[in-house]
1. Looking only at the range 51-74, count every residue that is farther than 20 Å from His183 by Cβ, part of a helix (DSSP H, G or I) and not basic (Lys, Arg) and tell me the total.
2. Answer yes or no: is there a residue in the range 34-42 that is of a type in the set (Ser, Thr, Tyr) and within 17 Å of Lys115 (Cα to Cα).
3. Under 7 Å between Cβ atoms, at least 6 apart or on separate chains: pull out the pairs that start in the range 192-205 with a residue that is farther than 20 Å from Leu133 by Cα and end on any residue that is of a type in the set (A, V, I, L, M) and not in a loop (DSSP other than H, G, I, E, B).
4. Output the number of the condition that Val97 fails; it satisfies all remaining conditions of (1) surrounded by fewer than 20 Cβ atoms within 10 Å (Cβ to Cβ); (2) under 30 Å from Thr169 (Cβ atoms); (3) touching a residue at least 12 places away in the same chain (Cβ under 8 Å).
5. How many residues are within 29 Å of Asp304 (Cα to Cα) and at pLDDT 95 or above if we restrict to the range 15-38?
6. Select from the range 289-335 the residues that are of a type in the set (S, T, N, Q) and part of a helix (DSSP H, G or I) and write down the one among them that is surrounded by the most Cβ atoms within 10 Å (Cβ to Cβ).
7. Out of everything in the range 234-254 that is buried (at least 16 other Cβ atoms within 10 Å of the Cβ) and over 14 Å from Cys214 (Cα atoms), what residue ends up being farthest from the chain's Cα centre (by Cα)?
8. So is Cys247 touching a strand residue (DSSP E or B) at 6+ places or on another chain (Cβ under 6 Å), outside any helix (DSSP H, G or I) and either touching a residue at least 24 places away in the same chain (Cβ under 8 Å) or within 18 Å of Lys11 (Cβ to Cβ) (or both) or not?
Amino acid sequence: MNRLLNCINNKKSSDTPVWFMRQAGRYLPEFMEIRKQNTDFVKLCLNSDLAKEITIQPIKRFDLDAAIIFSDILMIPYGLGQNVNFKKGFGPQLDEVQIDISTKINNETFTNNLKPVYEAIKKVRIEIEKKNLIGFAGAPWTLFLYMINRRSPKKNFNFEEIIKNNTLTRDLYKKLEEIICLHIKNQVDAGANIIQIFDSWAGLLPENQLKDYCYEPTKRIVEFVKKLNIPAICFPRGIGKNYEDFCSSVKPDCISIDYEVDPNWIKQKIKTPVIQGGLDPKVLLKNREDIEIEVKKYLDIFRDQPYIFNLGHGVLPETKPETIKFVTSLVREYK
């Protein structure tokens, strides 16, 4: 039974689907063994055999409803010719964007640059024929912010400084929209049957800029995904009460909520699309009694409507694999 597609497409509320953002990766010992031998994260993402293996690792361990391809949203800047590195304890580091190079990279060159990602999806699809396979991309705002800021914008973020070059902003935003759609189509052609769009830094946008930098460009991408007959999940993290406006404007098939969103509030405000996630990943570091209380809280709140169990952000590295198994079983067994 395809619980996930049944939930999204047919709005079925029984048999709650479950998967986890960042389910493939840093909390699994089998992943860490691979990582020890492959210290360059970008090269690891571009190794189709290892990316396939990492994607499937949690599927082998847990009764999950979907695999999500092991990759990174910053593979798009990489595909556009911007050098990307990941430094332990610091995060991503990007070289200065060369706008003349990035905006002139054609579809064929971009696709060739990321060919191993699509090859990995093809290999995963063969291995998990009956499971859902989620492809993904960063949203224009989040990718634009990384490309200009060149690192995670956790400190000293200044919106006006980021968009001060009007020509660069316009040209790069236009290019990103086009290339995100290409990246999504390439993933779908390779075997992905669901797409999630991550706007990880949407919460940094001033409220009066959300429409231009978040809603409108994401809406066009969602419309593109729908034309491929593939459901689109959106995750505009950190926008708070603006989740309501986002859904009415963008109209995704599913909205993934972050852990700062009150689930009771969003249940009252959003009747469509399907709601996904919300549980604070830190809850999974607690004892099993506390975990069970929090998991059941979300299951109870969304009991009478289509709901996909997930977290309000990615699985933390400190999470025990046994906890993911425990939570998955809770979701499966809860009536």
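The values are calculated or read from the model by the stated rules, or taken from the named source; none is laboratory data. What you see is a predicted model, and the numbers here were worked out from it, not measured in a lab. With ideal geometry, Cβ positions are generated from the backbone for all residues, glycine too; neighbour counts draw on all protein chains shown.
1. Within the range 51-74, the subset farther than 20 Å from His183 by Cβ is 53, 56-65.
Within this subset, residues satisfying the condition of being part of a helix (DSSP H, G or I) are 53, 56-61.
With the extra rule that they be not basic (Lys, Arg), the set shrinks to 53, 56-59.
So the count comes out to 5.
2. Going through the range 34-42, the residues of a type in the set (Ser, Thr, Tyr) turn out to be 39.
Among the residues that remain, those that are also within 17 Å of Lys115 (Cα to Cα) are: none.
The answer is no, given that none of the residues of the range 34-42 is of a type in the set (Ser, Thr, Tyr) and within 17 Å of Lys115 (Cα to Cα).
3. So the pair list comes out as Trp201/Leu145.
4. (1)
5. So the answer is 8.
6. This residue is Thr328.
7. Filtering first and then ranking leaves Asp253.
8. no
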